[in-house]
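The values are calculated or read from the model by the stated rules, or taken from the named source; none is laboratory data. These figures come from a predicted structure and were not determined experimentally. In this analysis, Cβ positions are derived from the backbone assuming ideal geometry, glycine residues included, and neighbour counts consider all displayed protein chains.
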Amino acid sequence: MLLTRLRDIAGITHVLTAPADTAPYLTDWRGRFTGRAQAVVIPSSVSEVAAIIAACAQTRTPVVPQGGNTGLAGGATPDTSGDAIVLSMKRLNRVRDVDAINGTITVEAGCVLHDVQQAAYGASRLFPLSLAAEGTATIGGNLSTNAGGTQVLRYGNARELTLGLEVVLPSGELWNGLRALRKDNTGYDLRDLFIGAEGTLGVITAACLKTFPLPRSQVTALFALESVSAALSLLVLAQSAAGPTLTAFEFFSARCLQLVTRHFADQRTPFDRTHPQYVLLQLSDHEDEQHATGLLQALAEQALEKELITDAVVAQSTAQGRSLWNLRESISEAQAREGRNIKHDISVPISSIARFIEQTDALLARRFPGIRMVTFGHLGDGNLHYNVMPPEGTDTDRFFERQSAIYECVHEQVTLFSGSISAEHGIGQLKREENMRYKSPVEISLMRAIKRTLDPLNIMNPGKVV
């Protein structure tokens, strides 16, 4: 019997079957997907993971890998059949090695992102992947969705931050690709197959990640603007004036800030009046704070002279900088408190962002009168969180009956602008059918061929991605 074998492998206390014990693992973070499972299995070592996968392969039991369960596309939630096991990676949480000279940190998949940041910091190094859920999200989940976050502009997303992987394959075999090399031209890049695959090709158990020198100072400013076009011009100016010190360029609309101040009593807008758009900008300098502050002040002066911004607040301390970041990082939670909304995690070429927002806002307003747009994101890398809230006083359930039509409208526009329907949240089960619609037949055929080759029994996270 499979459950008996799993208890022998992981220990009886780490194979959960009671409904009260399994419930937290069966519903996604947003509460949109709830599934069933034979059990939740929580291994503590790579050898245990390999043995569990081998047992599931022999019995053709589906396996749903799960990290911190903070995903936004239902990629770590089982279906409703009850056939699968959920493989929680939270006990594989060791930092195996920190090599400051080589600029690497090797960690297991269950390490919480914040803990990885702190381990790097303890060696006077920076691990720059940063996102709102970093206190609970795990490295395995970050890699499975190729997470982005707020510093992609400077350091790249999870794929660019990864040198090597350790992966348990669907057969139960272990591929040790934990190479701490920046140059390795010895064949196909197997690493990149597993990053962004959302556990459909195997289970990432460890990763060798890049680290960077710690900046000597970080300075933050919040700019007020009249338009998205002005924000794009400000981005070009900031890149020219600040160069590689520009590490974050976050954009959000007036409605975003209004939601934050409405639902968080301790959050206050730093401006005397409401402005249509805002940009949160951060410089990370390797000289000193005076140099960084000088760069930022000069940038603000140029932006004012060029009439790109209408006002600016430059943080005068670390605490003030943190307060400005809290405005940006509280947007998603403020949305949740306001009520259900239809989320889009999309990307378009940076130069097209203003036209995309203008045209798509107008199209949605015509087709769905009264909707409220909540638009924010990582303007420096073209990633928008383009969210639609129902009109004030509307019956939410009735509004959500039109969700498919809203998705289609937005995704058609994304395609028109040569963009992507998923920028950093992954496909999971939420966007699987949409992915099939918008990718070319050649791409789908190649993806399915890879899936069949690596996972011929289709036991790895079935029903996700492809």
Condition first: crowded, with 20+ Cβ neighbours inside 10 Å and free of Cβ contacts under 8 Å to residues at least 12 places away in the same chain. Now tell me which residues in region 312-334 satisfy that. none
Go through (1) crowded, with 16+ Cβ neighbours inside 10 Å; (2) out of contact with any helix residue (DSSP H, G or I) (no Cβ under 9 Å at 6 or more places or on another chain) for ARG448 and report which single condition fails. (1)
Have a look at ALA133, ALA123 and point out the one that is surrounded by fewer than 20 Cβ atoms within 10 Å (Cβ to Cβ) and touching a residue at least 60 places away in the same chain (Cβ under 8 Å). ALA123
So which pairs qualify, if the first residue must be in region 53-82 and among the basic types (Lys, Arg), the second must be surrounded by fewer than 24 Cβ atoms within 10 Å (Cβ to Cβ), the Cβ gap must be under 9 Å, and the two must be at least 6 apart or on different chains? ARG60/LEU457; ARG60/ASN458; ARG60/ILE459
Suppose we filter region 352-379 for residues that are surrounded by fewer than 19 Cβ atoms within 10 Å (Cβ to Cβ) and out of contact with any helix residue (DSSP H, G or I) (no Cβ under 8 Å at 6 or more places or on another chain); how many remain? 8
Matching residues in region 335-349 - criterion: being modelled with pLDDT of 95 or more and either among the aromatic types (Phe, Trp, Tyr) or surrounded by fewer than 21 Cβ atoms within 10 Å (Cβ to Cβ) (or both): PRO349
Answer from LEU165, LEU143, LEU237, LEU193 - the residue that is more than 25 Å from the chain's Cα centre (by Cα) and modelled with pLDDT of 95 or more: LEU237
Give the residues of region 275-326 that are within 17 Å of SER217 (Cα to Cα), in a strand (DSSP E or B) and of a type outside the set (A, V, I, L, M), sorted by residue number. GLN282, SER284, ASP285
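For (1) in the same structural domain as ALA207 (by TED's automatic domain parsing); (2) buried (at least 17 other Cβ atoms within 10 Å of the Cβ); (3) outside any strand (DSSP E or B), each residue gets a yes or a no:
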| position | (1), (2), (3) |
| --- | --- |
| GLY31 | no, no, yes |
| ALA50 | no, yes, yes |
| VAL64 | no, yes, no |
| ALA76 | no, yes, yes |
Would you confirm, using the coordinates I've provided, whether ARG179 is in contact with a Leu (Cβ under 8 Å, 6 or more places away or on another chain), assigned to a loop (DSSP other than H, G, I, E, B), of a type in the set (D, E, K, R) and at negative phi? yes
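Residues checked against (1) in a helix (DSSP H, G or I); (2) modelled with pLDDT of 95 or more; (3) farther than 21 Å from TRP29 by Cα:
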site: THR360; (1), (2), (3): yes, yes, yes
site: LEU363; (1), (2), (3): yes, yes, yes
site: PHE376; (1), (2), (3): no, yes, no
site: ARG398; (1), (2), (3): yes, no, yes
site: VAL410; (1), (2), (3): yes, yes, yes
site: VAL414; (1), (2), (3): yes, yes, yes
site: LEU430; (1), (2), (3): no, no, no
Residue that is outside the structural domain of MET373 (by TED's automatic domain parsing) and in contact with a strand residue (DSSP E or B) (Cβ under 6 Å, 6 or more places away or on another chain), where the choices are LEU308, LEU299, LEU280, LEU327: LEU280
Any idea which residue in region 380-412 is surrounded by the fewest Cβ atoms within 10 Å (Cβ to Cβ), counting only those that are without any contact (Cβ under 8 Å) to a residue 60 or more places away in the chain and touching a Leu at 6+ places or on another chain (Cβ under 7 Å)? CYS409
